[in-house]
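Input: a single structure, listed below in structure tokens.
Read-outs: derived from the displayed coordinates by stated rules, not from any lab. It should be emphasised that the depicted structure is a prediction, and the values quoted were computed from it without experimental measurement. Note: ideal-geometry Cβ built from the backbone for every residue, glycine included; neighbour counts use all protein chains shown.
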Amino acid sequence: MTNKYTEKDRNLATLLTQLDLVTKKIMELEASNKNKDRYIPSQEHMKPNVNEGGQIAEMLSLILHKVESHNKVLNEIKENVSMMNEITASHFMAIQLLETQMGHVLSCLDSTNQD
């Protein structure tokens, strides 16, 4: 019986560690995106010549594709975090219920031993 509690505690600790790692990764990704989105004043922009127009469109298309793929990954990570939060909450409630039941069992055992 103690092994079950130890295993559940270990599983809960593992889930919490994974949740913490995912949260840190999301924060790192958000921080790196904020650094990349800095403003460049208009006087620093170069005016492209006619030949560079196709290259710029190709580069913008590539950037858009990367942003969309990163967005998909972030959405998957958010879904995983949400599921892990639900599982963690479920395990927490189950542990609390088991602790309450153990308290009732122990109080019944104590009262029968005293009689």
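Side notes on the structure shown:
- With θ taken as phi - 60° and the Karplus curve 6.51 cos²θ - 1.76 cosθ + 1.60 applied, the whole-hertz 3J(HN,Hα) list for segment 21-32 is 5, 5, 4, 4, 5, 4, 5, 5, 5, 5, 5, 5 Hz, x standing for glycine and proline.
- Distance (nanometres) between label positions extended 7 Å along Cα→Cβ at Asn85 and Lys66: 3.0 nm
- Once the Cβ-Cβ distance of Ile77 and Leu98 is raised to the sixth power relative to R0 = 25 Å, the FRET efficiency obtained is 0.20.
- Simple spin-label estimate for Glu58 and Thr17 gives 4.7 nm between the two label positions (7 Å along the Cα-to-Cβ direction from each Cα).
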